[in-house]
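Before any comments, here is the structure.
The values are calculated or read from the model by the stated rules, or taken from the named source; none is laboratory data. Keep in mind that this is a model prediction, so the values were computed, not measured. Here Cβ is always computed from backbone atoms with ideal geometry, including for glycine, and neighbour counts include all displayed protein chains. Just so you know, the surface numbers come from the protein's heavy atoms only, side chains and all, with ligands and any DNA or RNA stripped out. Shrake-Rupley method; radii C 1.70, N 1.55, O 1.52, S 1.80 Å.
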Amino acid sequence: MDMEVQDARDRSFKRKRDDLPDSFPATNGGGGGGGGGGGVDLSLLEAVERSQSTVEVLDLKTLKKLVLAFERRLKENIEARLKYPDHPERFADSEIELHEELQKLKVLAGGPELYPDLVSLNTIPSVLGLLAHENTDIAIDVVQLLQDLTDEDVLEDNDEPARVLVDALVENNVLELLVQNLQRLSESDPDEMAAVYNTLATIENLIEVKPAVAELVCEKTKLFRWLLTKIRQKEFDSNKQYASEILAILLQNSKANQKKLGQMNGVDVMLQAVAMYKSKDPKTQDEEEMLENLFDCLCCLVMPLENKERFLKAEGVELMIIIMKQKKSAYGSAIRALDFAMTKYPPACERFVDVLGLKTAFAAFMGKIPQYKKNKKERYQEDLEERVISLIASLFGKQANGISRGSRRDRLLSKFVENEYEKIDRLVELYVRYSDRVKAEMERLNQLEFDDLEIDEDERYNRRLESGLYTLQLIAVILGHLWCSEHPGMRARIEQLLKLQKLSKEDVKEILQEYHDNIGDLDGPDEKERAQTKIQKFISAL
């Protein structure tokens with residue numbers, strides 16, 4: 001995070017109901033301490049006691065007093081500006097006083113239970129109107145106030161007051177006003193740069209309380225346009241990092257937002273942004289986080305079919321393979337993006353084979369993963385392993401769509417024959433490892449039930465999926481494809497290796513049957529039937 005932004009955030013209100021120091025400074029001499037008081041200056045204590053008596057309790061009475069003072073200063077400022085539009089010196093004092101009242105309103109973050117009263121006093125329209133104030137300093141004050149009032153720590157355990165406040169803000173056009181103000185801020189000014197950060201933080205806070213805001217803000221404002229412009233910026237800064245994070249939040253659970261950004265050339269912008277790191281690594285941890293956010297955006301973006309097409313047309317498959325070959329820190333993220341782009345989209349799978357992606361993918365499958373500091377952690381290696389398995393399953397077709405025939409499928413199958421079936425050896429090794437992990441989770445769940453903790457079937461299944469069952473199912477699907485190729489050498493190798501591990505085809509069939517039974521109808525009943533028919537074919541063949 002840039003120092004200017006950090007400083008600005010540090011200067012912002014700390015949401016304490018009073019402003020007392022945690023400890024008092026000791027004097028150098030022992031004078032005036034009395035009674036072994038550890039050198040405490042009594043005059044300081046007296047000053048603190050006097051100041052304490054002036055601290056007001058934050059209640060409805062205080063709220064009304066604050067609101068009244070604010071409304072009065074606002075009225076005076078409007079009148080002064082109307083009376084002396086060409087003489088700033090004549091309304092400067094009223095602006096300073098308005099600024100001071102806005103600062104005082106920040107104390108309300110210490111009493112979120114009063115938010116419904118703040119709303120009923122009809123203060124929200126007056127505050128939000130100042131986001132369009134001619135003096136950007138006043139608008140910046142409002143942004144800071146909104147961030148404080150909606151801060152995650154403040155709203156914790158205050159669900160109902162938070163909902164009342166956020167609903168009132170949204171009804172009074174907070175989204176439109178925030179984004180309009182955002183567009184006039186200049187990041188060359190440290191205060192305005194901090195206000196950009198605070199604006200994004202406020203939008204994130206609003207989404208946290210009211211998830212529907214994620215789609216509303218993209219429907220009603222030009223936030224997407226602003227974020228794309230920021231992502232295009234070559235230089236890294238904290239606001240670019242935050243823009244990438246907000247973009248990922250807006251895309252993660254919204255098909256409407258994914259489609260809208262796709263129509264705005266978003267796929268191309270994301271590819272250009274990650275292409276900057278194809279042959280270099282991020283310089284800092286913050287920059288590394290931004291790059292991961294950009295890949296998160298890309299993965300969400302390529303979920304709708306029309307965006308998969310855009311990814312293919314923009315040569316996204318080729319770029320991801322280049323990133324993998326360069327073996328920089330974006331290596332694992334490129335595999336993940338390819339997996340998302342190729343899932344249920346045969347044209348991307350075909351392009352992957354055509355541009356010689358198999359060699360790169362199977363090197364990763366065999367565990368030849370480039371080493372960096374961050375990926376020495378075991379979990380990173382496992383994530384990558386699971387992602388590569390998913391990618392290979394996508395090539396075959398996890399359910400119904402993949403490379404189903406022709407020379408490309410022959411090339412894919414031949415990878416499992418070369419070097420004396422080493423890929424099948426690796427596949428069975430992974431099958432055994434994930435099978436053991438799922439069995440261990442089953443035993444753990446059985447123990448929990450034995451200890452009188454009830455776990456329903458859905459919860460049990462989801463926990464097993466998280467422990468590695470989904471990856472085990474994908475490995476079983478790949479084994480099913482290999483078996484159905486009717487290649488005698490591959491079949492013999494699979495049977496031999498299963499026997500060595502004291503397993504049989506029945507074990508694989510059980511995993512496939514459970515996968516078959518849990519295929520959802522998210523893509524419609526016809527697609528579900530096609531997928532189940534394919535898995536049933538594997539079960540019958542085995």
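Filter the cross-link list K255/K534; K283/K359; K255/K344; K230/K325; K283/K327 down to pairs whose alpha-carbon distance in this structure exceeds 23 Å.
Listed pairs above 23 Å: K255/K534; K283/K359; K230/K325.
Working out 0.36 nm times the residue gap between D191 and R232, then minus their Cα-Cα distance, what length gain in nm do you get to one decimal?
Here the segment from D191 to R232 would lengthen by 12.5 nm.
Set Lys and Arg Cβ to +1 and Asp and Glu Cβ to -1, take the dipole of segment 214-286 about its Cα centre, and tell me which of Q263, L228, I246 lies farthest positive.
Looking along the dipole axis, the top candidate is Q263.
I need the shape label for segment 321-450. Rule: rounded when a/c is under 1.5, else prolate if a/b > b/c, else oblate, with a, b, c from the alpha carbon gyration tensor.
Since a/c reaches 1.5 and a/b is larger than b/c, the shape of segment 321-450 is classed as prolate.
So how strong a dipole does the chain carry about its Cα centre when Lys and Arg Cβ are +1 and Asp and Glu Cβ are -1, to the nearest 20 debye?
Roughly 3180 debye, rounded to the nearest 20.
Quick check: net charge around L482, other residues with Cβ under 11 Å of its Cβ, Lys/Arg +1 and Asp/Glu -1?
+3
Is the C-alpha gyration tensor of segment 298-347 telling us rounded, prolate or oblate? Criteria: a/c under 1.5 is rounded; beyond that, a/b larger than b/c is prolate, otherwise oblate.
In terms of gyration-tensor shape, prolate.
Per residue, how many Å² of accessible area does the chain show with a 1.4 Å probe?
Spelled out: the 1.4 Å probe surface of the chain, per residue, equals 50 Å².
Can you figure out the FRET efficiency of E466 with K278, using R₀ = 41 Å and their beta-carbon distance, to the nearest 0.05?
0.80
Suppose only helical runs count, i.e. DSSP H with n ≥ 4. What mean residue ellipticity at 222 nm does that imply for the chain under -39500 (n - 2.57) per run, divided by all residues and rounded to the nearest 500 deg cm²/dmol?
Roughly -22500 deg cm²/dmol at 222 nm, from the helical runs in the chain.
If you average the sequence gap of Cα pairs under 8 Å that are 6 or more apart and divide by the length of segment 360-483, what percent do you get for the contact order?
28 percent
For the chain, build the charge dipole from Cβ charges (+1 Lys, Arg; -1 Asp, Glu) around the Cα centre, then report which of N122, I389, L169 sits farthest towards its positive end.
Positive-most Cα among the choices belongs to I389.
Pop a pseudo-label 7 angstrom from the Cα along the beta-carbon direction at both D153 and Q513 and give the gap in nm to one decimal.
Inter-label distance under the simple model: 5.5 nm.
I'd like the carbon and sulfur percentage of the solvent accessible area for the chain, probe radius 1.4 Å, heavy atoms only, ligands and nucleic acids excluded.
Numbers: 12880 of 27070 Å².
Accessible surface attributable to carbon and sulfur in the chain totals 48 percent.
Working out 0.36 nm times the residue gap between E418 and E89, then minus their Cα-Cα distance, what length gain in nm do you get to one decimal?
Working: separation 329, 0.36 × 329 = 118.44 nm, distance 8.28 nm.
Extra length from E418 to E89 when fully extended: 110.2 nm.
Rounded, prolate or oblate: pick one for segment 225-336, where a ≥ b ≥ c are the square roots of the eigenvalues of its C-alpha gyration tensor, a/c under 1.5 means rounded, and failing that, prolate if a/b is larger than b/c, else oblate.
oblate
For a protection proxy built on the mean count of beta-carbon atoms within 10 angstrom, sort 120-132, 320-332 highest first, please.
320-332, 120-132
Counting alpha carbon pairs within less than 8 Å and at least 6 residues apart, what relative contact order, in whole percent, applies to segment 57-145?
Worked out over segment 57-145, it gives 32 percent.
Which of N293, V154, L448 sits farthest toward the positive end of the charge dipole of the chain, with +1 on the Cβ of Lys and Arg and -1 on the Cβ of Asp and Glu?
Value computed over the given set: N293.
Here are labelled values, (i) 81, 53, 47; (ii) 106, 58, 51; (iii) 91, 64, 46, and one is the computed Cα extents along the principal axes in Å for what I pasted. Which one?
Evaluating Cα extents along the principal axes in Å on these atoms matches (iii).
Output the relative contact order of the chain, whole-number percent, from Cα pairs under 8 angstrom with separation of 6+ residues.
It rounds to 8 percent for the chain.
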